[in-house]
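Before any comments, here is the structure.
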Amino acid sequence: MNSSQPDFAALRDAIAAFDPSPRVEPNATISVEEAFLPAGHRGVLDLRRQLVVGNRGMGKSFWTHALLSTDLRDRLAIVYKHPQLANAYVVVGFNGSDRESPPAPTVDEITSIYAAGHDPDKIWRAVMIRMAWSVLPGKHNGTLDSIIASLNADPNLYSRALSQADDELVRAGKTLLVVFDALDRMGREWASIQNLTRALLALAVGLQSFRAIRAKIFMRVDQFADQELFRFPDGSKIKNDHVDLFWRPAELYGLLLFELLRNPNARDPLLALAEREGATEALPKTGESWISEDAQARIINGLAGEFMGSSKKRGRVYTWLPLHLSDAAQTCSPRSFLTAWKKAAEHNPAPTGRAVDHLGLQEGVRQASRSRLEELYEDYPWIRPALEALRRQFVPMEREQLFELWASEHVVVRIRQDAAEGLRTPVKFLAGDEPSALLSSMRDVAVMEERANGKINVPDIYRVEAAILRKGGVAVPKRWV
């Protein structure tokens, strides 16, 4: 084992330079060099499984765009042992884009056609006809309006177009994969999103009758919790076969090390640290996360120390950090994880003999909580009044106390007022104004958990920035105290 000291200042600077905030925008390009490949995401790339469910920041848009890269797809086929990926022709069926990029429809194209009163099933059939034409020689890329008109005149147009494309793909040894993402951008009203999504799911089930045409639908957890989406013949098939998109702690740490390896100023210091710890096999040099967790933990101990304090009583860094950054479903987003490390590296004073310390990581959790809560409020504005009513209250709390706080702060009334002004509300809440429906919706998006003893808890990743208190938990920022 090499006893020389790695350059921790260089590692600290590299961590502080992380930029975890940008989202993968529609039509972005993902290169082979920047792709980290978590072992647990194999099911996401299985062409036989057409529905992938994940919360914001878990990688839905990343995988949508990764699948569009021919070079990266070739690598995915090898790493994840899905050889059919290498022979797939991937096109976007919808990704929330405002930019014209045929054959994919834009947001305006979908919303305007739906608003004109067209049947959602025919809208998606028209989209799929356009996708089928894209693999057939001599076919044109018609407007959805014109294709729907042709469908009304010729009901067999859909089956004929897709059958022709299916035969052509089988002859060529190819598969057509149509990817759908950002379904929440298909309209402002939940009812329109719901109708369009249900029709899309039903269409995906029907694609199973073809040999070489499949859909890959990326969906948010709140949509998946809406049982109405699956009320169609064989809806249980696609629901029961869905893939949950999440990151295990070892994969999050693998991403951290991968990002350091990509930085030319940090690569050699990290290699020196791994050599010192006898753990070079834990470095994801090719972006793959099939590693020894024990070896990985030794590198993390070298970066940040082993404990969240002077002894193990405060917890071990390796297990403490993912736990305190996870939501009620025990999942942590890679963006939150990298944000915590970035803020830890920016924390002063800088430690000696390591890149970050437990004080920096505690501050990192507080900053990650702020970022995650801002993301949450963007996606689910109805959660803001529900959490604000708990400010300076202790959790876990009794269910009755939670409902009393919501009643005293008129949370139900405020959410209904927001709904009247066009802000989206949870679908369960729309069915009635019972606080239990709101609590159920909070559980669906993993903001609250109901423990075995019946008490309601809010995980640290949301609790800290929301100024909700917990004995022995990560401290609320002083501005809230």
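Considering only segment 231-250, state which residues are over 14 Å from the mean Cα position of the chain (by Cα), more than 13 Å from LEU321 (Cα to Cα) and open to solvent by less than 90 Å² (accessible area, probe 1.4 Å).
Once the filter is applied, which keeps residues that are over 14 Å from the mean Cα position of the chain (by Cα), more than 13 Å from LEU321 (Cα to Cα) and open to solvent by less than 90 Å² (accessible area, probe 1.4 Å), segment 231-250 yields PHE232, ASP234, GLY235, SER236, ILE238, LYS239, ASP241, HIS242.
Within segment 132-173, how many residues are farther than 21 Å from ASP121 by Cβ, of a type in the set (Gly, Ala, Ser) and assigned to a loop (DSSP other than H, G, I, E, B)?
2
Right, ALA295: buried (at least 22 other Cβ atoms within 10 Å of the Cβ) and among the aliphatic types (A, V, I, L, M) or not?
no
Check segment 466-477 and report whether any residue there is within 24 Å of the chain's Cα centre (by Cα) and either within 26 Å of GLN330 (Cα to Cα) or modelled with pLDDT under 95 (or both).
Looking for residues that are within 24 Å of the chain's Cα centre (by Cα) and either within 26 Å of GLN330 (Cα to Cα) or modelled with pLDDT under 95 (or both), one finds at least one in segment 466-477, hence yes.
Considering segment 296-321 alone, what residues qualify as being aliphatic (A, V, I, L, M) and modelled with pLDDT under 95?
Answer for segment 296-321, where residues must be aliphatic (A, V, I, L, M) and modelled with pLDDT under 95: just MET308.
Specify the residue that is nearest to GLU449 (Cα to Cα); the eligible residues are those in segment 298-334 that are open to solvent by less than 10 Å² (accessible area, probe 1.4 Å) and part of a helix (DSSP H, G or I).
If we take residues in segment 298-334 being open to solvent by less than 10 Å² (accessible area, probe 1.4 Å) and part of a helix (DSSP H, G or I), then PRO322 is nearest to GLU449 (Cα to Cα).
Go through segment 174-207 and give me each residue that's closer than 19 Å to SER97 by Cα and either small (Gly, Ala, Ser) or not in a helix (DSSP H, G or I) (or both).
Across segment 174-207, the qualifying residues are LEU177, VAL178, VAL179, PHE180, ASP181, ALA182, MET186, GLY187, ARG188, GLU189, SER192.
Going by what's in this entry, would GLY54 be described as farther than 18 Å from LEU169 by Cα and open to solvent by 10 Å² or more (accessible area, probe 1.4 Å)?
No: the conditions fail for GLY54.
May I ask you to list the residues in segment 368-390 that are part of a loop (DSSP other than H, G, I, E, B) and modelled with pLDDT of 95 or more?
Passing the criteria: ALA389, LEU390.
Kindly indicate whether PRO349 is open to solvent by 10 Å² or more (accessible area, probe 1.4 Å) and more than 24 Å from ALA250 (Cβ to Cβ).
yes
Of (1) open to solvent by 10 Å² or more (accessible area, probe 1.4 Å); (2) touching a residue at least 24 places away in the same chain (Cβ under 8 Å), LEU271 satisfies all except one. Which?
(2)
Restricting to segment 59-106, name every residue that is more than 20 Å from the chain's Cα centre (by Cα) and either modelled with pLDDT under 90 or part of a loop (DSSP other than H, G, I, E, B) (or both).
LYS81, HIS82, ASP98, ARG99, GLU100, SER101, PRO102, PRO103, ALA104, PRO105, THR106
Pick out the one residue from ARG198, ARG125, ARG130, ARG160 that is farther than 21 Å from LEU85 by Cα and surrounded by fewer than 19 Cβ atoms within 10 Å (Cβ to Cβ).
ARG160
Given the structure, is ILE291 touching a residue at least 12 places away in the same chain (Cβ under 8 Å), closer than 30 Å to ASP184 by Cα and among the β-branched types (Val, Ile, Thr)?
Considered against the rule, which asks whether it is touching a residue at least 12 places away in the same chain (Cβ under 8 Å), closer than 30 Å to ASP184 by Cα and among the β-branched types (Val, Ile, Thr), ILE291 comes out as no.
The values are calculated or read from the model by the stated rules, or taken from the named source; none is laboratory data. Predicted model, so just to flag it, every value in this text is computed and none were measured. Note that each Cβ is placed from the backbone with ideal geometry, even for glycine, and that neighbours are counted across all protein chains shown. The protein model used for the area step is the full one, side chains on, heavy atoms only, and it has no ligands, DNA or RNA in it. Shrake-Rupley method; radii C 1.70, N 1.55, O 1.52, S 1.80 Å.
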